[in-house]
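Please read the structure below before turning to the comments.
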Amino acid sequence: MTGYEERTSNSRKLFERANRVLPAGVSYGIRALPPYPFYLKKANGVTVIDVDGNEYTDYWVGHGALILGHAPNVVIDAVMRQLPYGTHYGFSHELEIELAERIVKHVPSAQMVRYTSSGTEANMYGTRLARAYTGRNKMLKIEGGWHGGYDSLHAYVGQPFGRSESAGLNRKVIEDTYAVPYNDLEAAEKIAKKHELACIILEPVLGAAGFITPIPGYLEGLREICDNRDTLLIFDEVITGFRLGTGGAQGYYGVTPDLTLLGKVIGGGFPVGAFCGPVEIMELIDHTKHPDPGKRSAHGGTFTGNPISMVAGSATIDALADGRIYKHIDSLGKRMRNGLIDIFGRHEMPISVTGVGSTFGIHFQKDKPMNAGDTAKNDIPATKAYFRHMLESGIIYLSPTVSHSWISSPHTENDVENYLTATEDYIRTYKP
């Protein structure tokens with residue numbers, strides 16, 4: 001029995017129960033940690049406590065959604081004030097206007113907003129709108145880019161690219177989806193010349209591949225390709241939106257897309273998604289201007305704009321608005337990335353560190369990845385051993401095979417130093 005198993009007997013019992021009612025015992029495959037996941041009981045700030053009383057410092061922070069950490073007072077207070085007035089209306093209310101006004105104020109591409117209940121839905125409705133606006137069906141995405149479970153975009157995610165990503169996917173739908181490597185303008189230009197594209201959609205920072213950042217001129221080049229061919233540029237900022245600043249990646253890099261897809265941070269820890277853009281495009285959803293369903297881009301959803309997500313999102317954005325939190329978390333992110341590079345370098349262990357702002361990714365390979373394909377060189381046994389060592393050291397993130405993490409406002413300099421110390425301990429003890 002391992003040390004992990006000795007400390008997590010209650011989690012093991014819950015896993016046995018979970019296996020009877022949840023496939024693989026979890027609600028999302030990425031959480032299925034071998035030999036079984038730890039089950040959380042409580043979370044506050046960046047400290048989470050499992051059902052056995054074990055404490056961990058959290059660098060996964062709700063898939064990156066919790067930029068203020070777990071249970072921040074400003075969000076809890078806002079939600080508690082709203083609860084007596086109702087959790088879900090199914091009718092229009094002022095709170096959905098207030099969050100939209102904040103998004104429009106801060107996000108360069110946003111003039112109008114529509115809500116969804118998840119990032120996947122934001123991608124689904126956003127790309128549908130792009131096809132409706134352009135009258136075209138074909139889309140270009142990035143290899144390794146993750147846009148949720150929507151059929152048209154659930155392609156070219158895992159390696160080898162082009163394989164079937166899931167049983168049950170309609171291959172005919174995917175036929176109109178093309179993919180090229182991230183940071184490869186020439187490849188994107190080639191597809192754009194050959195096909196009339198409705199949109200080019202990408203994460204401006206390639207998240208699921210470990211926060212790979214754009215080379216100088218890459219995003220600008222995509223903007224030019226789209227402008228020259230009447231193709232919409234869509235930034236999936238579910239990860240980077242309000243994470244790299246209130247303006248997201250488009251504000252950080254100075255490139256404005258036609259449509260922006262949001263999620264995670266704008267819900268303040270509650271389910272949410274949104275797509276936004278200029279009036280000219282967004283009004284194609286307006287049934288009063290386009291009464292013919294065949295000429296309108298349909299959108300809806302039971303929980304869209306629910307009051308709890310709206311007040312939590314507004315409270316979060318208000319807490320971020322003065323920039324002090326970004327200064328803090330970006331500083332820690334820089335310290336983390338530089339510290340990791342220094343430690344691995346001193347021990348002559350081949351790794352590359354990626355990330356920007358408050359994000360960081362660790363790749364156990366000598367050459368820094370420029371796209372998702374490059375991560376095939378990652379030393380998986382070393383990556384898994386590192387994950388297990390950090391878990392045993394009371395530090396958590398996901399996944400065991402892709403080390404990508406977020407820093408949130410409750411993290412401290414001491415937390416970062418503890419992370420770096422645990423990393424150095426790993427290097428001293430790891431034996432290939």
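Any read-out appearing in this document is the output of simple, stated calculations on the displayed coordinates, not a laboratory observation. Small disclaimer: the values here were computed from a predicted structure and weren't measured. Positions of Cβ are generated from backbone atoms using ideal geometry, with glycine treated the same way; all protein chains shown enter the neighbour counts.
Rounded to whole Hz and in sequence order, give me ³J(HN,Hα) for region 352-361 from the Karplus expression 6.51 cos²θ - 1.76 cosθ + 1.60, θ = phi - 60°, writing x for Gly and Pro.
Karplus-based 3J(HN,Hα) across region 352-361 equals 10, 10, 10, x, 7, x, 9, 10, 8, x Hz.
Taking the DSSP beta bridges in the chain as the whole, what percent of them are antiparallel, to the nearest 5?
The antiparallel fraction comes to roughly 60 percent.
Counting each DSSP H run of 4 or more residues in the chain as -39500 (n - 2.57), what helix-only mean residue ellipticity at 222 nm follows after dividing by all residues, to the nearest 500 deg cm²/dmol?
Dividing the helical sum by the residues of the chain leaves -11000 deg cm²/dmol.
How much length is gained if the chain between D286 and K384 is pulled fully straight, taking 0.36 nm per residue apart and subtracting their Cα-Cα distance, in nm to one decimal?
30.4 nm
Considering only C-alpha atoms, what is the centroid distance from region 172-246 to region 81-107, in Å?
31
Compute the projected area of the convex hull of the Cα atoms of the chain, averaged over all viewing directions, and report it in nm² to one decimal place.
Directional mean of the projected Cα hull area for the chain stands at 21.2 nm².
Calculate, in nm to one decimal, what I49 and S27 gain on full extension: separation in residues at 0.36 nm each, minus their alpha carbon distance.
6.0 nm
Separation of region 1-67 and region 348-415 by C-alpha centroid, Å?
Centre-to-centre distance over Cα atoms comes out at 19 Å.
Can you give the local net charge around V265? Use residues other than it whose beta-carbon is closer than 10 angstrom to its beta-carbon, Lys and Arg +1, Asp and Glu -1.
+1
Most fluctuating residue of A167, A274, A179 in a GNM of the chain with Cα springs under 10 Å: which is it?
A167
Using each residue's phi in region 363-378, evaluate 6.51 cos²θ - 1.76 cosθ + 1.60 at θ = phi - 60° and report the 3J(HN,Hα) Karplus result to the nearest Hz, with x for Gly and Pro.
3J(HN,Hα) across region 363-378, in whole Hz: 10, 7, 7, 6, 7, 5, x, 9, 7, 5, x, 5, 6, 4, 7, 4.
Sorted by mean Cβ packing within 10 Å, highest first, what order do the peptides 286-298, 336-348 take?
Most protected by this proxy first, the peptides run 336-348, 286-298.
How would you order 139-150, 116-127, 386-397, 76-87 from highest to lowest mean count of nearby Cβ atoms within 10 Å?
Going by the mean number of other Cβ atoms within 10 Å, highest first, we get 116-127, 139-150, 386-397, 76-87.
Would you mind getting me the FRET efficiency between S164 and K13? Use the beta-carbon distance for r and R0 = 35 Å, nearest 0.05.
The formula returns an efficiency of 0.45 here.
Relative to the longest principal Cα axis of the chain, at what angle does helix 185-194 sit, 0 to 90 degrees, rounded to 10?
It works out to around 30 degrees.
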